[in-house]
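Derivation of every value follows stated rules applied to the coordinates shown; laboratory data play no part. Values in this document were obtained by computation on a predicted structure and should not be read as measured data. Note that each Cβ is placed from the backbone with ideal geometry, even for glycine, and that neighbours are counted across all protein chains shown.
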Amino acid sequence: MGLILDSSVVIAAERRGDTVEKLIEWVVSVAGDQAAALSAVGLTELAHGIYRAQNP
């Protein structure tokens, strides 16, 4: 079994100001030894959000 992350998880981490390392630590704490991934759709949503962002 594995875990597919929704883009909202990454967005929430970014809004909190979390680092990538902190997000990965959280995912590992939740998923344990399960594989975790971001779907192609989730990745596309994030890329689109970055493209449309008004500021860095």
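If we keep just the residues of the range 8-33 that are exposed (fewer than 13 other Cβ atoms within 10 Å of the Cβ) and in a loop (DSSP other than H, G, I, E, B), which is nearest to the chain's Cα centre (by Cα)?
THR19
Of the numbered conditions (1) in contact with a strand residue (DSSP E or B) (Cβ under 9 Å, 6 or more places away or on another chain); (2) surrounded by 13 or more Cβ atoms within 10 Å (Cβ to Cβ); (3) part of a helix (DSSP H, G or I), ALA36 fails exactly one; give the number of that condition.
(3)
Take the range 34-49 and flag every residue that is within 13 Å of the chain's Cα centre (by Cα) and hydrophobic (A, V, I, L, M, F, W, C).
Result: ALA36, ALA37, LEU38, ALA40, VAL41, LEU43, LEU46, ALA47.
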